[in-house]
Amino acid sequence: MIKLNFKSGFITIIGRPNVGKSTLLNHIIGEKISIISDKPQTTRNKIQFIHTTENSQMIFVDTPGIHKPKNKLGEFMNKEVSLALADMDVLVWVIDDSMEIGPGDSKILQRLEGINIPKILVINKIDKLSNENISKLVDKFKKRHDFKFIVPISAQRGRNVDTLLESIESLLPEGPKYYPEDMITDQQERIIVAEIVREKTLKYLDQEIPHGIAVETTMMKERKDKDIIDIHSTIYCEKDSHKGIIIGKDGRKLKGIGKSAREDIERFLDIKVNLQLWVKVNKNWREKENLVKRMGYKR
């Protein structure tokens with residue numbers, strides 16, 4: 001049954017890598033579901049987030065950052081972006097505090113011309129900009145495209161995020177509540193756990209192995225006394241030399257990854273976690289379509 005005047009719809013989030021899309025979505029839903037890292041292209045799958053209020057339900061579709069593909073994984077990520085643009089009710093384009101409209105932004109602007117849905121431009125990281133520069137950015141993009149709204153925000157601090165949500169809601173059609181009101185994502189727990197481990201691995205490895213890793217949750221089993229869950233996860237890397245780097249001297253890096261990931265997983269699952277990590281080599285998996293699919297990057 002559709003509530004009178006209740007609004008609902010699907011909102012796709014696009015943008016260049018590292019502009020803060022995942023930070024924004026995590027802030028909106030109040031949970032850390034999408035991987036956050038200072039390394040580009042960390043969001044690999046299209047992920048749905050659900051934000052429900054008394055008057056509306058917004059289903060956000062997070063996408064990988066738009067980039068030029070270099071391998072089968074990159075091709076998959078760009079395909080996900082194209083699929084996410086289809087059958088949406090609102091498009092939200094997130095940019096950062098860069099003052100110039102670069103080649104990447106120009107390509108996105110070209111793609112937007114052929115998309116006939118309402119569009120909102122979000123200028124993120126405004127805590128790094130003066131009011132004068134914010135106004136300059138708004139004017140630059142107003143001249144390039146007819147956006148329904150241009151909303152400057154700071155996703156990290158939550159500044160103006162409420163204004164953004166009000167703008168999105170105003171563009172949604174009346175519709176049903178697609179998901180239960182307490183549901184915040186359609187992703188399976190195993191996938192979220194794997195993403196948390198991958199995030200911590202990227203953090204601890206710094207620049208050593210930026211993208212040649214994937215994580216698979218191989219087991220999740222709650223103990224009979226119901227007060228702890230055992231989780232086994234495997235970190236895959238592409239080279240034998242990478243395995244030693246991930247493990248670290250005397251296993252210190254792997255222990256650090258495990259401790260930090262366990263703490264976040266416990267907060268997400270709201271239960272004590274016994275996390276066991278393994279590291280395995282799967283050479284050049286990003287170049288092999290069947291391995292990309294095996295790692296979970298498939299429709």
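The values are calculated or read from the model by the stated rules, or taken from the named source; none is laboratory data. Everything quoted here is computed from the prediction, not taken from an experiment. Cβ atoms come from the backbone with ideal geometry, glycine included; neighbour counts cover every protein chain shown.
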Identity of the residue in the stretch 233-244, assigned to a helix (DSSP H, G or I) and surrounded by 15 or more Cβ atoms within 10 Å (Cβ to Cβ), that ends up modelled with the highest pLDDT: LYS243
One residue from LYS226, LYS177 being at positive phi and of a type in the set (Lys, Arg): LYS226
Hey, ASP105 farther than 22 Å from ILE59 by Cβ and either modelled with pLDDT under 90 or in contact with a helix residue (DSSP H, G or I) (Cβ under 8 Å, 6 or more places away or on another chain) (or both) or not: yes
Residue in the stretch 43-58 that is of a type in the set (A, V, I, L, M), over 12 Å from the mean Cα position of the chain (by Cα), modelled with pLDDT of 60 or more and part of a loop (DSSP other than H, G, I, E, B) present: no
Among the residues listed as ASP230, ASP250, the single one being surrounded by fewer than 15 Cβ atoms within 10 Å (Cβ to Cβ), out of contact with any helix residue (DSSP H, G or I) (no Cβ under 8 Å at 6 or more places or on another chain) and not in a helix (DSSP H, G or I): ASP230
